[in-house]
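Shown next, in structure tokens, is the structure this report addresses.
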């Protein structure tokens with residue numbers, strides 16, 4: 001059963017591809033919300049493999065542990081390959097502020113919108 005959400009919230013998200021960095025309670029909430037608005041693919045990303053089962057319970061279609069990628073492969077490149085070109089939205093729920101400041105490479109440039117801990121960070125038009 002899908003919750004009824006306002007058209008303003010859901011109109012841009014239905015059928016979109018979403019990646020969520022961090023699968024703690026904030027990340028799981030992002031995964032759940034992506035499912036509620038009808039995202040077609042929700043990719044959970046976390047370095048703790050024990051969080052995969054929780055991410056899937058909340059609706060993640062894929063789970064990636066960046067530490068298990070082949071040597072030299074960046075998460076950005078992996079996501080581009082996995083999604084055939086990039087994501088519509090990313091959510092950073094890691095609590096790592098260096099992502100927001102741009103000191104750590106992230107796939108934010110591959111997305112239409114990016115949210116950091118509940119605040120929109122950037123939007124590509």
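Extending 7 Å from Cα along the Cβ direction at residue 40 and again at residue 71 yields two label points whose distance is 3.7 nm.
Label-to-label distance, residue 82 versus residue 96, with points set 7 angstrom from Cα along the beta-carbon direction: 1.4 nm.
In terms of the mean number of neighbouring beta-carbon atoms within 10 Å, the peptides 76-87, 40-51 order highest first as 40-51, 76-87.
Each reported figure results from applying straightforward, stated rules to the coordinates on display, with no laboratory input. Being a predicted model, the structure only gives us computed values, none of them experimental. Note that we place each Cβ from the backbone using ideal geometry, even for glycine, and neighbour counts take in every protein chain shown.
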